[in-house]
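A.B. asks: What follows is a single structure, and I will ask about it in a moment.
The values are calculated or read from the model by the stated rules, or taken from the named source; none is laboratory data. Since the structure is predicted, the reported quantities are computational estimates derived from the model, not experimental observations. Glycine also receives a Cβ, built like all others from the backbone with ideal geometry; neighbour counts cover every protein chain displayed. Quick note on the areas: whole protein, heavy atoms, side chains included, nothing else; ligands and nucleic acids left out. Shrake-Rupley method; radii C 1.70, N 1.55, O 1.52, S 1.80 Å.
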Amino acid sequence: MSFPNIPPEGINPIEGLDSGQVALLLLASIAFEELGLAHLINAEAEKLQGAIGTLVNQNGQPINPDIQAGSLAELLQVNREVEKLLRTVIKKEMLLEFKFENVLDLIATISPTPPTSTNRIYVVNVGERFSTEDDTVSVIDGATNTVIATVTVGSSPSDVVVNPATNRIYVTNSDDDTVSVIDGTTNTVIATIPVGQVPGEMALNPVTNRIYVVNHGDDTVSVIDGATNTVIATVPVPVNNDPINIAVNPATNRIYVPNFIVVSLGAVSVIDGATNTVIATVPVGGDPQEVVVNPVTNRIYTSNFNSGTVSVIDGATNTVIATVPVGGNPQEVVVNPVTNRIYVANENDDTVSVIDGATNIVIATVPVGQAPVEVAPNPVTNRIYVVNIIDDTVSVIDGATNTVIATVTVGSSPSDAVVNPATNRIYVTNRDDDTVSVIDGATNTVIATVPVGDNPRRLAINL
């Protein structure tokens, strides 16, 4: 018979116990008592077998003939002793039943764990470097469109990602080479993690609870364990190749890092998330800017700024299976996994290229506003939102017709956007007037303008 662990894994009574941990310890103690009673019953059964003479070995011979009852009176005496002990066991079982019912009553009083989906939007306020640095993260309540907290982080925060499963928010601080970890429940920094030099973009694998940080200054990727808030690996990528972005495929546990090499040539480093090593370097076009993964098809797309192309990588073979010509100076590239459409913002010619993921062909070129730099799809409504930084607008593309159905004026110099599919709200950072515009996806109108910190750049959402 196996034994339960006391205390159960993850519980340290010395550090204090909550109600749930107390319940687990009580259940474990009941398991131990039940196990002891089971051993007693087994021993009494063997006593009866020995008295009757049926306790035999594998050859059918009595194990110990000396314990066999020599008369009916002796056999009845053994039976009375066994019966007496079993009565005691039954009484103990009744007490354990009462104890078990009390533990169930305790469990019923424990409040369930609150959902980690909070409808919170986290905005990185960069400030003006070397002058009026802000170094904060504004926390917006998506229900009220108000800032409910301002969290001070490290120097020159540059990117933010959210893990909804743990309600943790991660912010890279490029000037002090750290990552701040914010507890989404308390809106406080619970850890500051040293990483590589000049950390920038991040990507999260929610399956493994690993956070990957691109370090521009030393050409590495830091791997953070979200459970311990420590760097568990530092992965070198090609030296002097300027890793500039990162994406994760949770389905395959592969991480993709585009590297700028020379104007006419770039590459994508492929990291194995199990071993934290580079397992392939895939040549792509010149000056790759962004990378995105379609986990449904295991295709990886990188926009090549100087080549005017998008490279399509097969995640199974780590080879480029197509090079798709798009517009001038492509920047952001995103995927709608529901429709298998890829959207590319072409900054230089004010268009968005729409690529069919099945054929790797541009099926539409959509004129938008001036200098599109960011794209955010809503897979539920099949609407695509394009941030145009020069004319302070967001173009709304209908994914079914590949046409602009609305142009929404937002704040000054919009730079980033994120969509909440559950509420059909779109959030846009406006760098020059220190606000976030909230767009209603049903009406394509700005329903709120939320003042945040100085020079907001990036934002992320906990749905």
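A.B. asks: Just wondering, is there one or more residues in the stretch 181-192 that are under 14 Å from Gly217 (Cβ atoms) and either surrounded by fewer than 23 Cβ atoms within 10 Å (Cβ to Cβ) or among the β-branched types (Val, Ile, Thr) (or both)?
C.D. replies: Taking every residue of the stretch 181-192 in turn, none turns out to be under 14 Å from Gly217 (Cβ atoms) and either surrounded by fewer than 23 Cβ atoms within 10 Å (Cβ to Cβ) or among the β-branched types (Val, Ile, Thr) (or both).
A.B. asks: Here is a follow-up. I need the full set of residues from the stretch 416-463 which are over 19 Å from Pro377 (Cβ atoms), in contact (Cβ under 8 Å) with a residue 60 or more places away in the chain and not in a strand (DSSP E or B), in order please.
C.D. replies: Asp434, Val452, Gly453, Asp454, Asn455
A.B. asks: Within the group Val344, Val380, Val386, Val354, which residue is out of contact with any Leu (no Cβ under 6 Å at 6 or more places or on another chain) and part of a loop (DSSP other than H, G, I, E, B)? I'd like the intermediate steps shown before the answer.
C.D. replies: Details: Val344 fails: part of a loop (DSSP other than H, G, I, E, B); Val386 fails: part of a loop (DSSP other than H, G, I, E, B); Val354 fails: part of a loop (DSSP other than H, G, I, E, B).
Selected residue: Val380, the only one of Val344, Val380, Val386, Val354 that is out of contact with any Leu (no Cβ under 6 Å at 6 or more places or on another chain) and part of a loop (DSSP other than H, G, I, E, B).
A.B. asks: Could you please let me know if Thr275 is open to solvent by 30 Å² or more (accessible area, probe 1.4 Å) and in contact (Cβ under 8 Å) with a residue 60 or more places away in the chain?
C.D. replies: Working: open to solvent by 30 Å² or more (accessible area, probe 1.4 Å): yes; in contact (Cβ under 8 Å) with a residue 60 or more places away in the chain: no.
No.
A.B. asks: Going by the conditions given, is Ile190 at pLDDT 95 or above, under 26 Å from Ile426 (Cβ atoms), of a type in the set (A, V, I, L, M, F, W, C) and under 19 Å from the mean Cα position of the chain (by Cα)? Outline the logic, then answer.
C.D. replies: Details: at pLDDT 95 or above: yes; under 26 Å from Ile426 (Cβ atoms): no; of a type in the set (A, V, I, L, M, F, W, C): yes; under 19 Å from the mean Cα position of the chain (by Cα): yes.
Taking the combined requirement at face value, the residue does not satisfy it.
A.B. asks: So, in the stretch 187-201, how many residues would count as being outside any loop (DSSP other than H, G, I, E, B) and within 16 Å of Thr230 (Cβ to Cβ)?
C.D. replies: Total meeting the criteria: 7.
A.B. asks: Further question on the same structure: Any idea which residue in the stretch 193-217 is least open to solvent (accessible area, probe 1.4 Å), counting only those that are farther than 18 Å from Val153 by Cβ and among the hydrophobic types (A, V, I, L, M, F, W, C)?
C.D. replies: Result: Ala203.
A.B. asks: If you don't mind, another one. So which residues in the stretch 360-415 are among the hydroxyl-bearing types (Ser, Thr, Tyr), surrounded by fewer than 21 Cβ atoms within 10 Å (Cβ to Cβ) and touching a residue at least 24 places away in the same chain (Cβ under 8 Å)?
C.D. replies: Answer for the stretch 360-415, where residues must be among the hydroxyl-bearing types (Ser, Thr, Tyr), surrounded by fewer than 21 Cβ atoms within 10 Å (Cβ to Cβ) and touching a residue at least 24 places away in the same chain (Cβ under 8 Å): Thr365, Thr381, Thr403, Thr407, Thr409, Ser413, Ser415.
A.B. asks: Of (1) within 18 Å of the chain's Cα centre (by Cα); (2) in a strand (DSSP E or B), Asn245 satisfies all except one. Which?
C.D. replies: Only one criterion is unmet by Asn245, namely (2).
A quick yes/no check of all residues on (1) under 24 Å from Val139 (Cβ atoms); (2) of a type in the set (Asp, Glu); (3) part of a strand (DSSP E or B); (4) modelled with pLDDT under 95:
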{"site": "Ile211", "(1), (2), (3), (4)": "yes, no, yes, no"}
{"site": "Val214", "(1), (2), (3), (4)": "no, no, yes, no"}
{"site": "Asp218", "(1), (2), (3), (4)": "no, yes, no, yes"}
{"site": "Ser222", "(1), (2), (3), (4)": "no, no, yes, no"}
{"site": "Ala233", "(1), (2), (3), (4)": "no, no, yes, no"}
{"site": "Asn241", "(1), (2), (3), (4)": "no, no, no, yes"}
{"site": "Ala251", "(1), (2), (3), (4)": "no, no, no, yes"}
